[in-house]
Each structure stands twice: as structure tokens, then as C-alpha cells.
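Colleague: I have a structure I would like to understand better, so I am pasting it below and will then ask my questions one at a time.
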Amino acid sequence: MNKEYSLSGTKIIMRRLFKYDIDKIVDTYKEYNKLFYNPITHSFVTNILLYGEIWGAFYNEKLIGCNYFFPLHCDFFKSTNTYSSLTDFITESENYMYMGYVALNENYYNAKLFNFAQNKKPDFDTMYKSFLNIVQIQAFRQGYKYILHSIPLKMTNNISVLFENDYILLKLRGLDKLIVHYIFVKAVCPQINLYKIDDNTKEIRICLENTKEISKYLENGYCGVKLESDFNSKNIIIKKLI
């Protein structure tokens, strides 16, 4: 199954990956070695392929990006500390598709390896949206009500892409090895949504770097809905959940 996307004037093929791609997948996620803990090992990828799907972004048949997703309540994930941390605030986990890390192969940044059209590299945000679209389609087809997505705080390029695709920031929590993650959620069908915003409450603006203050609100019935920039900083817009 292939899907074509034109990203910044560059044709990218989004393709589902399989067991024979494991070495390439793990290699693409090497950038996450910058963290204290990188969960993307050969055994982890094998389990994902058993229970979910992994998709890759290809340019000229070279893998330049990856994303994976699987049912939150699947057997292998239930045994992990991440699952326990997530279900601390998530009920009815059988209704959620879990979207994991999005990665770009570090070689992607080496322009000599990839002869991009008009010397343009694919835009990261647009590629991220392509992965979001794939997860949305697959979650809908498989009958899931929500998509849960986590991103390590230190590996975040731009969370605006999530807000632009109707995700809300639900929590800011330490998951495996207490690595702090942004945790986003989206209703697959807006008509069925536990996470409704109370538009009658005043917006709260908090500097994105003030993670303690953001976390305090998220733990007390609020969520992040937008990222705005001013001359000095980026601010997250917080609203109360109903």
C-alpha cells in the first residue's frame, strides 16, 4: 500500500513497512539515542509489526522517515511501563490507537545523499501531517474512537502541527525512564469526544518553556489547544475541559 505526497516540490512515497525492513526502521530511529532511553529496538519493532503498523516516507527509494501505531491495549504494550503511565489517566484503553514517535533518518540532513528537486528538502511539518493522516484513516477503519500520541519533550520540532490537525495537549508526563513527553489526543470522529473544550472559560497563555506551570494546569482539568509566537517566546494556549 503506497500513498504519494508532494512535499515542498519533492515527491515522497508513504509506504507501509514490513519485517524485512526492520534494520532500516531501527536505523531511522537512531536519533532517539540522544535520549536517556530509546525504546525502538529490533524486538520492539517486531512486536509493533505483530499488533500494528509501521509506515515509512521514501524519496528515490530511500527511507527518510518513519512512524508506527498500534492499539493501546494490545498484549505486548500492556506489559510496559509506558502503558501503565498512560492508563493512569486514560480509561477504556481499548478505544485508543496509540501513535508512537515520528523519526527522520539522520542521513536526510545530508543534502549530498539525496538529490532533492530544486535543492528542496521535504518539509518536516508536512511529512508529519502525512503520518497523522495515515493514522487517522487506519484508526477510523479499525473502529477506534481516539488517537493518543506521545512526543519526547527534548525531541520536539514543532507541536503546532498537532494543534493544526485538531489534537489537544492532554498531559505533560514522564513515561519510560521518566523521560518527559508531550501527550496529545484526538477524537477520530468529532461527534464522539470525551475531550470537549469549555469555550466559556478564559484562555490562559503560558510560555512553552514553563513546563511546570503547563503541567499544573494539565493535571487539573485543562488542555493545550494552540501555540502562538510573540517577539520573545512561544506561548501555549490553555483552555478548560468540560
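Colleague: Report yes if some residue within the range 205-217 is closer than 24 Å to Tyr96 by Cα, at pLDDT 90 or above, surrounded by fewer than 18 Cβ atoms within 10 Å (Cβ to Cβ) and in contact with a helix residue (DSSP H, G or I) (Cβ under 9 Å, 6 or more places away or on another chain); otherwise report no.
Modeller: Taking every residue of the range 205-217 in turn, none turns out to be closer than 24 Å to Tyr96 by Cα, at pLDDT 90 or above, surrounded by fewer than 18 Cβ atoms within 10 Å (Cβ to Cβ) and in contact with a helix residue (DSSP H, G or I) (Cβ under 9 Å, 6 or more places away or on another chain).
Colleague: Hey, can you tell me all the residues within the range 218-242 that are open to solvent by less than 40 Å² (accessible area, probe 1.4 Å), closer than 21 Å to Asn165 by Cα and of a type in the set (S, T, N, Q)?
Modeller: The one that is open to solvent by less than 40 Å² (accessible area, probe 1.4 Å), closer than 21 Å to Asn165 by Cα and of a type in the set (S, T, N, Q): Asn235.
Colleague: Still on this model: Sort through Lys11, Lys30 and tell me the only one that's over 17 Å from the mean Cα position of the chain (by Cα), among the charged types (D, E, K, R) and either assigned to a helix (DSSP H, G or I) or modelled with pLDDT under 95 (or both).
Modeller: Residue meeting the stated conditions: Lys11.
Colleague: Sort through Lys171, Lys177 and tell me the only one that's among the basic types (Lys, Arg) and either without any contact (Cβ under 8 Å) to a residue 40 or more places away in the chain or surrounded by 14 or more Cβ atoms within 10 Å (Cβ to Cβ) (or both).
Modeller: Values: Lys177 fails: either without any contact (Cβ under 8 Å) to a residue 40 or more places away in the chain or surrounded by 14 or more Cβ atoms within 10 Å (Cβ to Cβ) (or both).
Residue meeting the stated conditions: Lys171.
Colleague: Another question about this same structure. Of the residues that make up the range 105-115, is at least one modelled with pLDDT of 90 or more and open to solvent by less than 30 Å² (accessible area, probe 1.4 Å)?
Modeller: No, the conditions are met nowhere in the range 105-115.
Colleague: Count, please, the residues in the range 166-180 that happen to be modelled with pLDDT under 95 and closer than 21 Å to Trp55 by Cβ.
Modeller: 1
Colleague: Would you mention how many residues in the range 183-203 are part of a strand (DSSP E or B) and open to solvent by 40 Å² or more (accessible area, probe 1.4 Å)?
Modeller: Matching residues across the range 183-203 total 1.
Colleague: What pairs can you find where one residue is in the range 27-53 and within 15 Å of Tyr98 (Cα to Cα) and in contact (Cβ under 8 Å) with a residue 24 or more places away in the chain, the other is part of a loop (DSSP other than H, G, I, E, B) and among the aromatic types (Phe, Trp, Tyr), and their Cβ atoms are less than 9 Å apart, with a gap of 6+ or different chains?
Modeller: Leu49/Phe18
Colleague: Between a first residue in the range 131-142 that is touching a residue at least 12 places away in the same chain (Cβ under 8 Å) and a second residue that is of a type in the set (Asp, Glu) and open to solvent by 10 Å² or more (accessible area, probe 1.4 Å), which pairs have beta carbons less than 9 Å apart while being 6 or more apart in sequence or on different chains?
Modeller: So the pair list comes out as Ile134/Glu53; Val135/Glu53; Gln138/Glu53.
Colleague: Still on this structure, please answer the following. Is it the case that Ser79 is small (Gly, Ala, Ser), open to solvent by 20 Å² or more (accessible area, probe 1.4 Å) and out of contact with any strand residue (DSSP E or B) (no Cβ under 7 Å at 6 or more places or on another chain)?
Modeller: Yes, satisfied.
The values are calculated or read from the model by the stated rules, or taken from the named source; none is laboratory data. Because the structure is a prediction, the values reported are computed rather than measured. Don't worry about glycine lacking a Cβ; one is built from the backbone with ideal geometry, like all the others, and counts go over all protein chains shown. Note: areas computed on protein heavy atoms with side chains; ligands, DNA, RNA excluded. Shrake-Rupley method; radii C 1.70, N 1.55, O 1.52, S 1.80 Å.
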